[in-house]
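The values are calculated or read from the model by the stated rules, or taken from the named source; none is laboratory data. Just so you know, these numbers come straight off a predicted model, no measurement behind them. A quick note on method: Cβ atoms are made from the backbone with ideal geometry, for glycine too, and the neighbour counts reach across all protein chains shown.
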Amino acid sequence: MISSSIVIAASFLYVLILFAVAWFGDKRAAEGRSIIASPWVYALSMAVYCTAWTYFGSVGRAANTGMWFLPIYLGPMLAMILAWIVLRKMIRIAKTYRITSIADFISSRYGKSRMLASLVTLITVVGIVPYIALQLKAISSGYAILTTPLGEPRPEMGLRLGDSTLYIALALAGFTIMFGTRHLDTTERHEGMVAAIAFESIVKLVAFLAVGIFVVYGVFNGVGDLFTQALADETLKPLLMLGQGTKEFAYPQWFALTLLAMLSVIFLPRQFQVMVVENVDERHLKRASWVFPLYLLLINLFVLPIAIGGLLFFGQGQADPDYFVLSLPLAHGYEWLALFVFVGGLSAATGMVIVEAIAVSTMVCNDLVMPFLLRTERFGSRASGDLTGLLLMIRRIAILGILLLGYLYFRVAGEAYALVSIGLISFAAVAQFAPAMLGGMYWKAGNRQGALTGLLIGFALWTYTLLLPSLVKSGWLDTGFMTEGLFGLAWLKPEQLFGLQGLDNLTHALFWSLFANIGAYVLVSLWTRPEAREASQALLFVDVFERTASTHPVFWQGRAKLSDLRNLTERFLGADKTERLLTDYARRLGLIQAKDIPANAQLVQYVETQLAGAIGTGSARMMVASVVEEEQLDLDDVMRILEEASQLRAYSKALEEKSLSLEKATSELRTANEQLKSLDKLKDDFMSSVTHELRTPLTSIRAFTEMMLDDDEMEADQRRQFLEIVVGEAERLGRLVNQVLDMAKIEAGHAEWHSSDVDIQSVVQQAVNSISGMYLENGLSLTLHSGTASIAPIRADPDRLMQVMLNLLSNAAKFVPHPGGKVDVYITDAPEGVTVAVQDNGKGIAQHEQEQVFEKFRQAGEFSDRPQGTGLGLPISRQIVEHFGGRMWLESELGAGARFSFFLPRLNEAQQLEITEEENR
Amino acid sequence: MLRGMTSARLIALFLFGCALLNFPLLALWDKDATILGVPLFPAALFIIWAGMIAVLAWLMETDER
């Protein structure tokens, strides 16, 4: 045994450490360097799910029923798989509308109904009381086991234990009050508390793993040894099997427990508090959604070994299996380990009580007491001062009340039940919130009356089939109610309602309550019309991901005054806080002073949301309504406002699209403009080139004719020579003008074409024949290489082709050395078309100039050694070839001659027709 | 698109998990055998559980959007 003073001292020391952690957490939060802004801390705070029930009760349950302790943790595993979908939506809704409790969530969703909020709060309080009792029982029993000398029987439930439990309850209340209600926050966030809870989660995990390792490796020789001994024992072996020997495996109960835990892990007030309200960043959910199940797995790893180990060591029925974690180390003389394990259990229990009591006290204050107070005329008119102190006081009293209720339940029913059974009663109560909550998040047609009816019927059935029997079994009610049914009617037997048999009491209760709850919620919702406010809230909740802050519809119309709203806020939040909130709001609107804020629907909504954080949605609604002149909204108004909001959204979207397309058009215009500019420059270049080309022959014609005009006595020979030059230059001029015209015509599409089926061999032959005289004169060689086989005709204009050939051949003649020049013409035929190549042995064209030769007035080479020519021949030739769907290109290397080729395709009829049409245009 | 896929995958994992942990698949482990000294039924439950955590962790940590 350990002396009680040591146990109490250790407990207080531990609590002091918790305070230090919480103080540190709050301090860092105030400095803006939150220590809880991490997915790991978030996941650890979720582990507040593991209470004294897990810590002590799981082992007890495993010792009685084997693996049946597990569904309570498999449910959360399954639920967390969907956390990223469901919980994230819940967090988004709660953050957007400043929702701080489940009661607020449900009431807000169904038209800010105060009645719903009160009902939910009531269910929570009644439902959670057994759970609080469980924690008290665990701590006081653990304390009793630690301080009772070995071998002596545990003191029976007498005055001593009863009193110590009361002290524990009072101490926990004081502790929670100091933790959770030191100041009022509109978001109800408690960073210090979350830090402490995360710390507690580490302590309880380490302590439980420590005792597990002690049992497996200290008491036994490892896992193998433990299970070998257990399997050898005929009474223990069934615990390790699914069938548990003769008994049929109760699949419905297994499923029911899993479902129950799945719902509880989200809808228990403390889980909602740490998962939704205390969430710092919804992205933390990503990691937490798998770290939390991992935590559950670790803390459950040694449950079965400890249970089996305890049974093997003590023998069945000799020690309370709920407290094997304490009695096993004690029996082996490991008192310090037992003390550490007790502190771990204390962690589990205090963590649960703190968070649960804070969450429930917020609900009691905001949704039960405040609406009542505010409605009383006297209070409403007199309480004009600051109400923040009052709010905190109500919460403190609520915390104390909840713990005292827990103590009362412990005195009434506590000793008759194992820990787990007590906990399951609470689980089944909060499961009643699931239809209204989940339905509210995903089903727009779910309405207030449906939710109200469902909750009422579900809660009534829970009370009748689960809570009352628990009291009967504790001997506080007549057992006849159980065995005979209410008023002696057999079909009203609470554990076999309407004669439903074959289910254990929990599955039975869960089935009836949830079935009736869901049924009523759905049917009533489908057969009643929602009010305007319900319909609007339904839209806001279900579509929360589809709206952004700027396009939130505000379902309010009427007249308000800024001063009234300011006074109202000051009453509940204090003057400093109000000033800060309004300044923030003004800044967001781009205003300098808070007094310039327009008193419109947005402001009313803002004030109401802020107030909702402090006093609950229903009360906030009522208070705001009392200071502004409201116009009643009907369904048409809701639809209209929604329409406007969606129009606004569509409008902003359209605006965005417009500006995008404008941007695109601008850039297109810019590109077009640049193209135009370069075209303009090209035209200028073209013009200057043309005029330059025209000026040269004109100048020489003028010079020679002037000379002849001035000199009457010029000799006939000289005159003749001059006239020949003039005629030559005039011819060149004419050629140039013709070519420019030709070029312009082709480019503008006005050229005349006379297409027919052309024998390309004969055209090339003609061209070679007609120019061969000139080649011969200059001592150049010209050879045509064409195959012997005849080539199928090609659709083209023979005169134009002739023009191309002559151009290529005369060009080649200019660039080959004189004499010794050699030009070869090749014709190659292919199914798709004919290629004609003109190869010379000139000095070739550099790579970078190759494409330029096809540009107008561009000739390769230096200006000085340019041969005679207009610089339009190649561009025109290329245009002609391209007109027939072909292409012209150049292959050349400096010093290795040049090879100009063009390819003419054999077109199909459609393509020919296209060309013909183009020609005729 | 990927977010939609993540949601669909999560739902699939959830349904698969529900099936694995209920009738009749649970009956598969009702055998007189041990894994590393641990009786089959408890071992199977913890292994399925660990597997689900692993898949969930993989789903949640790989998709960065």
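Among the numbered conditions (1) more than 28 Å from A:Leu540 (Cα to Cα); (2) touching a residue at least 60 places away in the same chain (Cβ under 8 Å); (3) of a type in the set (Asp, Glu), the only one that A:Glu31 does not meet is (2). Total residues in segment B:28-45 satisfying the condition of being at the interface with another protein chain (Cβ under 7 Å from one of its Cβ atoms) and either surrounded by fewer than 13 Cβ atoms within 10 Å (Cβ to Cβ) or assigned to a helix (DSSP H, G or I) (or both): the figure is 4.
Inspection of segment A:68-75 identifies at least one residue that is among the aliphatic types (A, V, I, L, M), within 13 Å of chain B (Cβ to nearest Cβ) and out of contact with any Gly (no Cβ under 9 Å at 6 or more places or on another chain). So the check is Cβ under 8 Å with 6+ separation or different chains; which pairs have a first residue in segment A:297-322 that's in the same structural domain as A:Ala52 (by TED's automatic domain parsing) and modelled with pLDDT under 90 and a second one that's assigned to a loop (DSSP other than H, G, I, E, B) and hydroxyl-bearing (Ser, Thr, Tyr)? From segment A:297-322, the pairs are A:Gln316/A:Thr235.
Just one of A:Ala357, A:Ala331, A:Ala338 is more than 20 Å from A:Val219 (Cα to Cα) and not β-branched (Val, Ile, Thr); which is it?
Details: A:Ala331 fails: more than 20 Å from A:Val219 (Cα to Cα); A:Ala338 fails: more than 20 Å from A:Val219 (Cα to Cα).
The unique qualifying residue is A:Ala357.
Return the residues of segment A:210-237 that are facing chain B (nearest Cβ under 9 Å), without any contact (Cβ under 8 Å) to a residue 40 or more places away in the chain and either within 15 Å of A:Gly315 (Cα to Cα) or surrounded by 14 or more Cβ atoms within 10 Å (Cβ to Cβ) (or both); say none if nothing qualifies. Of everything in segment A:210-237, those that are facing chain B (nearest Cβ under 9 Å), without any contact (Cβ under 8 Å) to a residue 40 or more places away in the chain and either within 15 Å of A:Gly315 (Cα to Cα) or surrounded by 14 or more Cβ atoms within 10 Å (Cβ to Cβ) (or both) turn out to be A:Gly224, A:Asp225, A:Thr228, A:Leu231, A:Lys237. In segment A:26-39 there is at least one residue that is more than 14 Å from chain B (Cβ to nearest Cβ) and either buried (at least 24 other Cβ atoms within 10 Å of the Cβ) or among the β-branched types (Val, Ile, Thr) (or both). If you go through segment A:264-303 one residue at a time, how many are farther than 29 Å from A:Val341 by Cβ and away from every other protein chain (no Cβ under 14 Å)? Of the residues in segment A:264-303, 7 are farther than 29 Å from A:Val341 by Cβ and away from every other protein chain (no Cβ under 14 Å). Remark: pairs (first residue in segment A:427-447, buried (at least 22 other Cβ atoms within 10 Å of the Cβ); second residue among the aliphatic types (A, V, I, L, M) and part of a loop (DSSP other than H, G, I, E, B); Cβ separation under 6 Å; 6+ apart in sequence or on different chains) = A:Val430/A:Leu268. When segment A:53-67 is limited to residues that are among the hydrophobic types (A, V, I, L, M, F, W, C) and within 11 Å of chain B (Cβ to nearest Cβ), the one that is farthest from B:Leu45 (Cα to Cα) turns out to be A:Ala62.
Screening A:Ala796, A:Ala789, A:Ala830, A:Ala813 for residues that are buried (at least 20 other Cβ atoms within 10 Å of the Cβ) and farther than 20 Å from A:Leu872 by Cα leaves exactly one candidate, A:Ala796. Are any of the residues in segment A:21-40 at pLDDT 90 or above and either more than 30 Å from B:Pro42 (Cβ to Cβ) or in a helix (DSSP H, G or I) (or both)? Among the residues of segment A:21-40, at least one is at pLDDT 90 or above and either more than 30 Å from B:Pro42 (Cβ to Cβ) or in a helix (DSSP H, G or I) (or both), which makes the answer yes. Residue under question is A:Trp527, and the condition is that it be modelled with pLDDT under 90, within 23 Å of A:Ala94 (Cα to Cα) and either surrounded by fewer than 16 Cβ atoms within 10 Å (Cβ to Cβ) or outside the structural domain of A:Leu263 (by TED's automatic domain parsing) (or both); does it hold? Answer is no for this residue.
For every residue, the table says whether it meets (1) in the same structural domain as A:Leu682 (by TED's automatic domain parsing); (2) at pLDDT 80 or above.
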site: A:Ala716; (1), (2): yes, yes
site: A:Arg720; (1), (2): yes, yes
site: A:Gly734; (1), (2): yes, yes
site: A:Val737; (1), (2): yes, yes
site: A:Met743; (1), (2): yes, no
site: A:Val763; (1), (2): no, yes
site: A:Val768; (1), (2): no, yes
site: A:Ser781; (1), (2): no, yes
site: A:Ile794; (1), (2): no, yes
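Only residues that are of a type in the set (D, E, K, R) and not in a helix (DSSP H, G or I): list them for segment A:324-351, please. If the condition is that a residue be of a type in the set (D, E, K, R) and not in a helix (DSSP H, G or I), then no residue fits.
If you go through segment A:758-786 and keep only what is aliphatic (A, V, I, L, M) and more than 20 Å from A:Gly820 (Cα to Cα), you end up with A:Val758, A:Ile760, A:Val763, A:Val764, A:Ala767.
When segment A:229-288 is examined, which residues are found to be among the hydroxyl-bearing types (Ser, Thr, Tyr) and not in a loop (DSSP other than H, G, I, E, B)? Steps first, please.
Just the residues of segment A:229-288 that are among the hydroxyl-bearing types (Ser, Thr, Tyr), to begin with: A:235, A:246, A:251, A:258, A:264.
Listed by number, the residues that qualify are A:Tyr251, A:Thr258, A:Ser264.
Over 30 Å from A:Pro329 (Cβ atoms) and either under 39 Å from the mean Cα position of the chain (by Cα) or not in a helix (DSSP H, G or I) (or both): which single residue out of A:Met46, A:Met80 fits that description? That would be A:Met80, the only listed residue that is over 30 Å from A:Pro329 (Cβ atoms) and either under 39 Å from the mean Cα position of the chain (by Cα) or not in a helix (DSSP H, G or I) (or both).
All of A:Ala599, A:Ala614 fail the test of being touching an Asp or Glu at 6+ places or on another chain (Cβ under 9 Å), at pLDDT below 75, not assigned by TED's automatic domain parsing to the domain that holds A:Lys856 and not in a helix (DSSP H, G or I), apart from A:Ala599. A:Leu782 passes every criterion in (1) outside any helix (DSSP H, G or I); (2) out of contact with any strand residue (DSSP E or B) (no Cβ under 8 Å at 6 or more places or on another chain) apart from (2). Among the residues of segment B:15-27, those identified as at the interface with another protein chain (Cβ under 9 Å from one of its Cβ atoms) and not in a loop (DSSP other than H, G, I, E, B) are B:Gly17, B:Cys18, B:Leu26, B:Ala27. Which of the numbered conditions does B:Leu59 fail, given that it passes all the others? Conditions: (1) surrounded by 17 or more Cβ atoms within 10 Å (Cβ to Cβ); (2) over 25 Å from A:Ala232 (Cβ atoms); (3) under 12 Å from the mean Cα position of the chain (by Cα). For B:Leu59, the exception is condition (3).
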